[in-house]
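A short write-up of the structure that comes next.
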Amino acid sequence: MTIEYNIVLKNAYIADGSGAPLYRADIGIMGDTITSIGEIPGSKADKVIDCSGCLLYTSPSPRDLSTSRM
């Protein structure tokens with residue numbers, strides 16, 4: 001088995017900031033970067049978190065929101 005992600009967030013509702021409707025998907029994370037959004041097999045991750053019923057916001061922005069002022 002090849003590990004492709006440190007964490008996979010499964011079955012989340014995604015709001016991508018584009019104004020498009022929410023959609024359900026998995027999010028693959030490697031290190032501190034979202035590397036994939038879509039259907040991801042849990043067997044490709046070190047850790048899988050079930051996010052059923054959760055709303056996650058994603059953004060294509062390169063801005064680090066933890067250090068940015070709003």
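The values are calculated or read from the model by the stated rules, or taken from the named source; none is laboratory data. Note that the structure is predicted; figures quoted are calculated from it, not measured. Note that each Cβ is placed from the backbone with ideal geometry, even for glycine, and that neighbours are counted across all protein chains shown. Calculation scope for accessible area: heavy atoms of the full protein, side chains included, ligands and nucleic acids excluded. Shrake-Rupley method; radii C 1.70, N 1.55, O 1.52, S 1.80 Å.
With a 1.4 Å probe and all protein chains kept in place, how do Thr35, Thr58 rank by accessible area, largest first?
Ranking Thr35, Thr58 by accessible area, largest first, yields Thr35, Thr58.
Calculate, in nm to one decimal, what Asn11 and Glu39 gain on full extension: separation in residues at 0.36 nm each, minus their alpha carbon distance.
9.2 nm
Kindly write out, for the range 8-23 in residue order, the coupling ³J(HN,Hα) from the Karplus curve 6.51 cos²θ - 1.76 cosθ + 1.60 (θ = phi - 60°), rounded to whole Hz, with x marking Gly and Pro.
3J(HN,Hα) across the range 8-23, in whole Hz: 10, 9, 9, 6, 7, 8, 10, 10, 9, x, 8, x, 5, x, 4, 9.
Assuming a viscosity of 1.306 mPa s and a temperature of 10 °C, what translational diffusion coefficient in µm² per second does Stokes-Einstein assign to the range 15-62, Rh being the Kirkwood radius over Cα pairs?
133 µm²/s
If amide hydrogens are placed 1.01 Å from N in the peptide plane, which non-local residues have theirs closer than 5 Å to the one on Ile40?
Asp26
For the pair Ile49/Leu22, report the inter-label distance in nm, with labels modelled 7 Å from Cα in the Cβ direction.
Taking the simple label geometry, Ile49 and Leu22 are separated by 1.8 nm.
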